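One structure below.
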There are 2 protein chains.
Amino acid sequence: MQRVAPEPQDFDRVLSSMCTEPHPAAREAAVRFLATNPGDPGTYQEIAALEERAVEGLGDIAGLSEPEGYVASGGTEANIQAVRAARNLARDAGGVPTKTDAPTVVAPESVHFSFQKAADVLDVELRTVPVDDDYRADLGAVEAAVDDDTVLVVGVAGTTEYGRVDPIPELAAIAHDHGALLHVDAAWGGFCLPFTDHAWNFAHAAVDTMTIDPHKMGQAVVPAGGLLARDRSTLDALAVDTPYLESTSQATLTGTRSGAGVASAAAALDELWPDGYREQFETSMADAEWLADALEDRGFDVVDPELPLVAARLPDDLFSNLRDAGWRVSRTASGELRVVCMPHVTRETLQAFVADVDALRA
Amino acid sequence: MQRVAPEPQDFDRVLSSMCTEPHPAAREAAVRFLATNPGDPGTYQEIAALEERAVEGLGDIAGLSEPEGYVASGGTEANIQAVRAARNLARDAGGVPTKTDAPTVVAPESVHFSFQKAADVLDVELRTVPVDDDYRADLGAVEAAVDDDTVLVVGVAGTTEYGRVDPIPELAAIAHDHGALLHVDAAWGGFCLPFTDHAWNFAHAAVDTMTIDPHKMGQAVVPAGGLLARDRSTLDALAVDTPYLESTSQATLTGTRSGAGVASAAAALDELWPDGYREQFETSMADAEWLADALEDRGFDVVDPELPLVAARLPDDLFSNLRDAGWRVSRTASGELRVVCMPHVTRETLQAFVADVDALRA
């Protein structure tokens with residue numbers, strides 16, 4: 001094989017990603033801890049201490065003063081683990097045999113595809129229900145889908161396609177009325193929502209578990225997802241014994257884990273919470289509104305941004321032309337262009353993008 | 001929160017880890033790709049190309065000229081995915097209903113605890129069977145445990161506790177006689193075994209899937225595990241749709257993934273396969289034999305090393321004294337000291353360790 005001599009990632013025209021150029025402090029911390037494994041805390045004690053700090057920081061953001069949880073490989077792992085914990089707790093409680101035999105998860109159809117993955121992996125049924133006219137979970141539809149087999153209800157706080165926030169307190173009430181847990185997927189939205197009026201976190205509602213990812217709007221390096229739980233028992237439901245390690249059990253889905261991700265999450269939280277994240281949110285939100293206005297002015301149908309994410313219906317040939325011009329853009333399931341205003345997406349980038357929209361229209 | 005200003009990991013006295021100080025070329029590649037996501041290959045095309053090179057390199061080592069697979073977060077993910085693929089393929093084949101209702105995995109009791117995790121996550125039964133007097137899978141016991149419900153038989157090529165290699169060709173024959181697949185866990189051993197006479201890989205036996213981790217003896221940074229499969233259908237059995245990404249399906253367990261791990265795996269393989277890995281194996285093996293002899297000379301019971309891993313029975317108080325002196329050491333389930341001769345463990349380190357054994361004996 002030949003030597004690897006590639007160029008580093010160029011984010012100039014990346015409008016489709018929910019990851020971003022990490023903050024310099026996060027990058028520096030990642031480089032220092034590249035060779036550590038928080039999955040073996042007995043051997044790698046420094047990184048284990050940093051993970052505790054990162055989880056505390058995530059708890060501050062999510063309204064939980066004594067958070068349980070860990071820095072996961074990403075939102076997919078955190079979502080899978082939330083489903084797994086709910087399934088295992090229902091099984092171990094044993095009170096309702098049907099929950100053991102046919103556990104189901106109820107979620108709006110706007111839920112991330114990682115819940116499809118979780119359903120396959122964990123052998124549970126994912127029951128998705130329609131959203132309302134503004135792309136939020138329809139409470140009547142959720143209520144109708146929940147039954148005695150339901151172990152978990154999922155609400156999304158910042159959907160992947162439209163950046164919408166489901167009615168979390170109401171979803172929690174429905175879940176708990178039926179003996180199920182309530183999980184909030186704030187993987188992307190969690191670092192924006194503290195600066196809005198939404199009721200989305202552990203302090204606002206009877207939330208049991210949450211996904212909140214430092215490596216998205218939190219500006220940490222990949223891989224740094226976050227799983228938070230209100231109760232220790234949730235983590236205990238995930239633990240397996242670890243015979244040859246100096247620690248005695250492990251609640252994570254993966255075994256060896258990235259110290260770089262953990263250290264960078266701790267560093268980013270130290271550096272940016274709350275003022276840096278507030279400033280970034282305000283900048284990104286203003287940029288998203290600017291882009292939405294610019295596309296609307298040009299006659300395209302635009303979904304009004306609630307968080308820094310713009311969806312707009314562009315003709316297929318224009319979408320193709322933009323891709324050919326080097327723009328990394330993606331589409332919603334129903335075909336709209338989707339632009340995620342991450343920290344690396346500046347106003348200048350969006351101005352260049354809109355100029356190309358003008359130049360490349362048929 | 002205060003600023004993060006920790007010292008980087010010091011590997012000087014770490015004898016317990018299966019991770020190591022990465023090769024400089026691997027570290028450099030990781031730093032360059034810290035901000036990429038191979039889980040979104042449409043957006044991050046450069047890292048997707050590097051992943052193909054890494055998988056090809058792993059195939060070269062494992063005797064597979066057209067390998068299917070990917071760079072996983074680690075051995076745990078790769079092992080979970082191998083079990084998941086076997087379970088899903090049996091379910092989708094549908095020919096043997098019992099395999100769907102009560103899928104079981106048969107493995108020697110020397111198997112890594114990630115298979116316990118896989119059993120819990122995937123809701124399959126893990127049936128572990130005794131090993132022989134030399135810590136290898138007992139073929140009679142495996143044969144007796146396999147039945148119509150068995151979807152997978154696991155063999156270990158380099159066990160976590162004693163570095164032993166199970167009789168892979170014979171295990172493959174037993175598995176296939178019962179319509180099950182054969183998985184080889186070479187997470188740690190895979191980068192040593194090419195330089196031995198063992199029959200362990202896809203060219204030696206009818207192996208279906210394998211775990212082989214660049215971030216262990218491969219000297220890549222964490223997280224870089226490896227999952228290999230002989231057939232494309234194995235990966236297809238893991239795929240879920242990805243509505244908003246530019247790619248259309250995803251076979252990995254995690255979603256967003258570490259470009260650093262992928263790039264460093266490709267770089268390490270470029271740099272070290274085969275001569276660098278051979279040299280490292282020979283050095284590590286000579287060091288392991290030196291340590292085994294030194295401990296045996298001092299009257300301790302030593303398990304003769306077959307790969308660069310030494311297990312020896314030390315008195316409890318000596319073990320505690322060594323830990324108090326700053327040595328990071330761990331024990332097997334039956335209590336032996338376990339020293340993994342990773343690349344960062346030099347002869348000088350082992351000499352210092354043995355000097356402390358002498359000094360700290362009661």
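What follows draws every value from the coordinates through simple rules; no lab data is involved. None of these values were measured; they are calculated from a predicted model. No Cβ is skipped: glycine too gets one built from the backbone with ideal geometry, and neighbour counts run over all protein chains shown.
For region B:37-81, rounded, prolate or oblate, judged on the Cα gyration tensor with a ≥ b ≥ c (square roots of eigenvalues), a/c < 1.5 rounded, else prolate if a/b > b/c? Verdict is oblate for region B:37-81. Over chain B, what number does the Rg to Rh ratio reach, with both radii from the alpha-carbon atoms and Rh per Kirkwood? Rg/Rh: 0.98. Among A:Asp293, A:Asp275, A:Asp304, whose mean-square fluctuation peaks in a Gaussian network model of chain A (Cα, cutoff 10 Å)? Answer for the Gaussian network model of chain A: A:Asp275. Inter-chain Cβ neighbour count for A:222-229, averaged per residue, equals 4 (cutoff 10 Å, partner chain atoms only). If you count Lys pairs in the protein assembly as shown whose Cα atoms are under 27 Å apart, skipping same-chain pairs closer than 8 places in sequence, the total is 8. With its label point defined 7 Å out from Cα along the Cα-to-Cβ axis, A:Ala93 lies at 3.8 nm from the matching points of the other copies, in increasing order. Helical runs assigned H by DSSP (4 residues or longer) give the protein assembly as shown a calculated mean residue ellipticity at 222 nm of -12000 deg cm²/dmol, each run adding -39500 (n - 2.57) before division by the residue total.
For the segment B:256-264, counting C-beta atoms of other chains within 10 Å of every residue's C-beta and taking the mean gives 6.
Under 5 Å between amide hydrogens, built in the peptide plane, is the criterion, and for B:Thr256 it picks out A:Gly75, A:Thr76 among residues at least 5 positions away or on other chains. Based on C-alpha pairs under 8 angstrom that are at least 6 apart in sequence, chain B has a relative contact order of 24 percent.
Structure remark: mean-square fluctuation, Gaussian network model of chain A, C-alpha springs under 10 Å; the largest value among A:Ser334, A:Ser65, A:Ser16 belongs to A:Ser334. The H on the amide N of A:Leu309, modeled in the peptide plane, is under 5 Å from the matching H of A:Cys341, each at least 5 residues off or on a different chain.
Residues of region A:140-161 falling in the label zone of A:Arg313, defined by backbone nitrogen less than 18 Å from a point 7 Å along Cα to beta-carbon, are A:161. Cα centroids of region A:344-362 and region A:279-311: 13 Å apart. Averaged over residues, the count of other Cβ atoms within 10 Å places the peptides A:75-88, A:313-326 in the sequence A:75-88, A:313-326, highest first. For A:Asp197, the label point sits 7 Å beyond Cα toward Cβ; its separations from the matching points on the remaining copies run 7.9 nm, from shortest to longest. With its label point put 7 Å out from Cα toward Cβ, A:Arg323 sits 5.6 nm from the same residue's point in the other copies, in order from shortest.
Per-residue mean of foreign Cβ neighbours for B:114-127 is 4 (Cβ atoms of other chains, 10 Å radius). Indicate the gyration tensor shape class of region A:275-360 (rounded, prolate or oblate), computed on the Cα atoms with a ≥ b ≥ c the square roots of the eigenvalues: a/c under 1.5 is rounded; otherwise a/b larger than b/c is prolate and the rest oblate. Note, shape of region A:275-360 comes out prolate. What net charge do the residues around B:Thr234 carry, taking every other residue with its C-beta under 9 Å from that of B:Thr234, with Lys and Arg at +1 and Asp and Glu at -1? Cβ neighbours under 9 Å give a net charge of -2. The residues neighbouring B:Glu51, those whose beta-carbon lies less than 14 Å from its own, together hold a net charge of -4 under the Lys/Arg +1, Asp/Glu -1 convention. Using only the Cα atoms of region B:171-217, build the gyration tensor, take square roots of its eigenvalues as a ≥ b ≥ c, and label the shape rounded, prolate or oblate: rounded if a/c is under 1.5, else prolate if a/b is larger than b/c, else oblate. Note, shape of region B:171-217 comes out oblate.
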